[in-house]
Amino acid sequence: MCCSTPLVALLVGRDQHNAWAEEQFAQVLPPLLTGEAVLAEACFLAGRTGPSINEPLKLLKRGVLRLAFDLSDNIEQVSSLMERYANVPMSLADACLVRMSELLPESVVMTLDGDFQIYRRHGRQKISLITVPKPR
């Protein structure tokens, strides 16, 4: 599964995490699963940082990404997650990914967002992550 931050890092050549994102995407078999909230956030961020606002949509068209989450079917759980992590605060995109990790327990979330170190699925379980290693 993929957050918006690695998508933007992949698409923005001057992003400090571009090389990391390119390496990660090269190692993962597509499609990466995501949700519409994540894609919307990526489009917004991509439009602010350089490439065209619709660059993340091109990844969807090419089959690099696949939408695999229906918010309508998960609104209660997503809303509960956002309330639980209101002090962070948790975005809708993040809540959808945490919920997806609950529905797909073998999944791994690719992210540059440190908040995923805090979030827990099913209240207590750490979420498996692909993220930039912390400097020593």
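The figures follow:
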item: Estimated distance in nm for a label pair at Arg124 and Ala19, the labels positioned 7 Å out from Cα along Cα-to-Cβ; result: 4.2 nm
item: Fewest-first sequence of Ser72, Ser107, Ser4 by Cβ atoms within 10 Å of each Cβ; result: Ser72, Ser107, Ser4
item: Loop trypsin sites (Lys or Arg not before Pro), the range 22-97, which have at most 11 other Cβ atoms in a 10 Å radius of their Cβ (DSSP); result: Arg62
item: Leu81, Leu104, Leu29, Leu92 arranged by Cβ crowding within 10 Å, fewest neighbours leading; result: Leu29, Leu104, Leu92, Leu81
item: Tyr119, Tyr85 arranged by Cβ crowding within 10 Å, fewest neighbours leading; result: Tyr85, Tyr119
item: Per-residue ³J(HN,Hα) for the range 24-41, Karplus 6.51 cos²θ - 1.76 cosθ + 1.60, θ = phi - 60°, Hz, x for Gly and Pro; result: 5, 5, 5, 8, 10, 6, x, x, 7, 7, 7, x, 4, 5, 5, 5, 4, 5
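Throughout, read-outs are computed from the coordinates displayed, never taken from laboratory work. Every value quoted in this text rests on a predicted model; they were computed, and no experiment measured them. We place every Cβ from the backbone using ideal geometry, glycine too, and count neighbours over all the protein chains shown.
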